[in-house]
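To keep things clear, I will list the structure first and then write my remarks on it.
The values are calculated or read from the model by the stated rules, or taken from the named source; none is laboratory data. None of these values were measured; they are calculated from a predicted model. Quick reminder, even Gly has a Cβ in these numbers, built from the backbone with ideal geometry, and neighbours come from all protein chains shown.
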Amino acid sequence: MEFRNSKPQDYNEIVYYIYKGFERHFKLFKISDEKIKNMLLNIVKLEQFKVAVDDGKVIACCGVAKGGNRLYKKEGYSFYKEFGLVKGFIIAQIVYQALGKTYNVEADCGYFEYVTTLEPYQGKGIMKKLLKWTIENSAYPCYMLDVASNNEAAIKLYEKLGFVESHRVKEKFAKHTGFEYIIFMKLGL
């Protein structure tokens, strides 16, 4: 198994994992999976991802950004051109709230997003190793991330790595998302 920075040939697999992680939300748009994946290819800063690769296949990934800057590209993609004026506007607003809205994170902290492992590889310590490798090979004095309050396995993983809860934010759309809070966790400083 290899841990490394993402490469352009990894981007489709990373987008698939992001799609699976947010599939419940994307299904509300009632648009094709291909259009959603194309949108993600154009709005996520995929070059800022770290990956775990086994036999040439990406099996886990995580993105890391500086401070509250998210891995979301505001420019270069037209929601209106892709989905029409009204639907494009609505989708743009929802996607921005979920994937692009900046968080109040210390400027020098690394911020983990899209932490995901391919299902058959979950529970085998791969993400723990990928996060440790990323932390050891990055120059941030501290790290933060957010996790859904119902994702107990991820919370336990982050706690094992030394992350502690810093604060919680009530989820505005709890009925649709399936969780009540977004928990922010911090490691270091």
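General observations
- Matching entry among Phe29, Phe89, Phe3 (being aromatic (Phe, Trp, Tyr), assigned to a loop (DSSP other than H, G, I, E, B) and in contact with a Phe, Trp or Tyr (Cβ under 9 Å, 6 or more places away or on another chain)): Phe29
- The single condition from (1) within 19 Å of Phe22 (Cβ to Cβ); (2) β-branched (Val, Ile, Thr); (3) in contact with a Leu (Cβ under 8 Å, 6 or more places away or on another chain) that Val164 fails is (1).
- The residue of region 156-189 that is nearest to Arg4 (Cα to Cα), among those that are part of a helix (DSSP H, G or I) and at pLDDT below 95, is Thr177.
- When region 103-142 is filtered for residues that are hydrophobic (A, V, I, L, M, F, W, C) and either over 13 Å from Ile59 (Cα atoms) or in contact with an Asp or Glu (Cβ under 7 Å, 6 or more places away or on another chain) (or both), the ones remaining, listed by number, are Val105, Ala107, Cys109, Phe112, Leu131, Trp133, Ile135, Ala139, Cys142.
- Looking only at region 14-30, residues that are touching a residue at least 40 places away in the same chain (Cβ under 8 Å) and either surrounded by fewer than 13 Cβ atoms within 10 Å (Cβ to Cβ) or over 16 Å from Leu71 (Cβ atoms) (or both) come to 5 in all.
Residues checked against (1) assigned to a helix (DSSP H, G or I); (2) under 24 Å from Ile155 (Cα atoms); (3) of a type outside the set (Asp, Glu); (4) modelled with pLDDT of 95 or more:
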residue: Asn38; (1), (2), (3), (4): yes, no, yes, no
residue: Leu41; (1), (2), (3), (4): yes, no, yes, no
residue: Val58; (1), (2), (3), (4): no, yes, yes, yes
residue: Glu75; (1), (2), (3), (4): no, no, no, no
residue: Asn104; (1), (2), (3), (4): no, yes, yes, no
residue: Phe112; (1), (2), (3), (4): no, yes, yes, yes
residue: Lys124; (1), (2), (3), (4): no, yes, yes, yes
residue: Leu131; (1), (2), (3), (4): yes, yes, yes, yes
residue: Ala139; (1), (2), (3), (4): no, yes, yes, no
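- Just one residue in the set Ala148, Ala98 is in contact with a His (Cβ under 7 Å, 6 or more places away or on another chain), closer than 30 Å to Lys57 by Cα and touching a residue at least 24 places away in the same chain (Cβ under 8 Å); that residue is Ala98.
- Residue in region 70-77 that is surrounded by fewer than 13 Cβ atoms within 10 Å (Cβ to Cβ), more than 25 Å from Ile182 (Cβ to Cβ) and not polar (S, T, N, Q) present: yes
- Number of residues in region 4-59 that are out of contact with any helix residue (DSSP H, G or I) (no Cβ under 8 Å at 6 or more places or on another chain), among the acidic types (Asp, Glu) and farther than 19 Å from Thr117 by Cα: the value is 1.
- Residue match in region 101-115 (condition: surrounded by 15 or more Cβ atoms within 10 Å (Cβ to Cβ), touching a residue at least 12 places away in the same chain (Cβ under 8 Å), out of contact with any Leu (no Cβ under 9 Å at 6 or more places or on another chain) and acidic (Asp, Glu)): no
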